[in-house]
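One structure is given here, and the rest of the page talks about it.
The values are calculated or read from the model by the stated rules, or taken from the named source; none is laboratory data. Not measured: the values here are computed from a predicted model. These area figures cover heavy atoms from the full protein model, side chains too; ligands, DNA and RNA do not enter into them. Shrake-Rupley method; radii C 1.70, N 1.55, O 1.52, S 1.80 Å.
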Amino acid sequence: QVQLVESGGGLVQAGGSLRLSCSASRPIFSINVMGWYRQAPGKQRELVAVIISGASTNYADSVKGRFTISRDNAKNTVYLQMNSLKAEDTAVYYCHAQVRGFNNWGQGTQVTVSS
């Protein structure tokens, strides 16, 4: 398995940008599926973006064109660049890695967008 630690969250005005980082406790080059999820108060956790085998990416419709997921295998880190942030992006953002069929989660980082 793998331990994941998110960072980079905070308070930002609408229209601003943030970059989230997810640092893994072990090399990630062999982890095929890594991604970001978010959970707003009173809502279910939802997929934001996923990167598969280091190349293929998928995004929730609500963030397409604004968010970009990437990974740096040399640094064992996955990033989420978030631009043009909206109030509805406010949530706790969680890093996720699927290892041998098991789901691994970070502790989450709060993103708050003020309108």
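Per-structure values
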quantity	calculated
Table column - 3J(HN,Hα) (Hz), the stretch 107-115, Karplus curve with 6.51, -1.76, 1.60, x for Gly and Pro	7, x, 9, 7, 10, 10, 10, 8, 9
The stretch 29-75 - percent of accessible surface contributed by carbon and sulfur, probe 1.4 Å	48
The stretch 71-115, relative contact order [Cα under 8 Å, separation at least 6], %	37
Contact order relative to length of the chain, as percent, for alpha carbon pairs under 8 angstrom and 6 or more apart	37
1.4 Å probe accessible area per residue over the stretch 1-102, in Å²	52
Area accessible to solvent at LEU85, 1.4 Å probe radius, in Å²	0
